[in-house]
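Right, one structure below, let's go through it.
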Amino acid sequence: MLLTRKAEFSASHICANPALSAEENLAIYGVNANPHGHGHNYVVEVTLEGTPDPVTGMVFDLRELKEIIHVEVVDPMDHRFLNREVPPFDKVVPTTENIATEIWKRLAARIATPNARLKNVRLYETADLYVDFDGADGK
Amino acid sequence: MQLTSRYRFAASHRLTTDALSPEENARLYGKCNNPHGHGHDYVLDVTVEGPIDQAGQIVNRDALNALVANQVLARVDHRDLNSEVPELAGRVTTTENLAYAVERMLTARWTLPAKLVRVRIAETARNTFELKI
């Protein structure tokens, strides 16, 4: 059974590689390379796969899941400038792909139980663009 | 990793097939068989899959947007699907057939390193058609 919990955070970022020239960054990232930054209302959907515990009837304690998502993702990233305030984005370009990968890293270890595992991280940068990441199979 | 990007286009169409009589078409397609046609605000989701490159992306956004704009939106947006879209000539303009046509439009000029894995079209907020590629 799949279980999905949603959370939101708003953050600013710059998509540019400091090792490249301004022209090269513009060619790769377009308007997202604006050196002054810009922001998004990110929406993250965290999907777990598992079987309900025979006693509790739950795949995973939703209160605990909410707490984990807040401690690991929302609290550190909400209303922050990702490149300046949220490692590893001082060194890693905070593309939607890289943010989803980082969210997976932060959550996967904390969600593994005998009954449940992290199945997918879907990160919406806007309502019209999202990535899906299943870190378990590297896809 | 997969990335899904959403696009919109408005188009008119009429569901009808020469293989059936006017009465049979009317019975099969109902209001969608209206001889004067009708239209929808279609929502197209294009999903690509691939590894993250050195730029931290699986696909360049501007390149994907340009490909979809040139190959699909330029052909269907504010068009009549029955009379103006060669990729649908001879086919009933159901959203099923439209999804296959969009796949052909995209794959004909697919130059991106990421793989096209899904085309999903919502005809209305209540009807969605998904083609895995």
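Read the figures in this text as sums done on the coordinates, not as results from a lab. Quick caveat, the model's predicted, so the values are computed rather than measured. Counting neighbours? That spans all protein chains shown, and the Cβs are built from the backbone with ideal geometry, glycine included.
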Original post:
For the range A:2-133, what does the alpha-carbon gyration tensor say about shape, rounded, prolate or oblate, given a ≥ b ≥ c as the root eigenvalues, a/c under 1.5 as rounded, and a/b over b/c as prolate?
Top reply: prolate
Original post:
Ranked by Cβ crowding within 10 angstrom, fewest neighbours first, how are A:Lys91, B:Lys115 ordered?
Top reply: A:Lys91, B:Lys115
**OP:** Would you mind telling me the antiparallel percentage of the DSSP bridges in the protein assembly as shown, rounded to 5?
**Re:** 95
**OP:** Enumerate by residue number the trypsin sites (Lys or Arg not before Pro) in the range A:1-79 meeting two conditions: DSSP loop (anything except H, G, I, E, B), and at most 15 other Cβ atoms within 10 Å of the site's Cβ.
**Re:** none
Original post:
Between B:Glu24 and B:Gln54, how many nm apart are label points set 7 Å from Cα along the C-beta direction?
Top reply: 6.1
Subject >> Set of aspartates and glutamates near B:Lys31 by C-alpha distance (under 16 Å), chain-local residues within fewer than 8 positions excluded >> reply: B:Glu23, B:Glu123
Subject >> Qualifying GluC sites (Glu not before Pro) for the range B:40-133 [loop in DSSP, other Cβ within 10 Å: at most 11] >> reply: none
Original post:
Per residue of the protein assembly as shown, what 222 nm ellipticity follows from adding -39500 (n - 2.57) for every DSSP H run with n ≥ 4, rounded to the nearest 500?
Top reply: -7000 deg cm²/dmol
**OP:** Any of A:Lys91/B:Lys132; A:Lys66/A:Lys91; A:Lys6/A:Lys119; A:Lys6/B:Lys115; A:Lys6/A:Lys105 with alpha carbons more than 25 Å apart? Name them for me.
**Re:** A:Lys91/B:Lys132; A:Lys66/A:Lys91; A:Lys6/B:Lys115
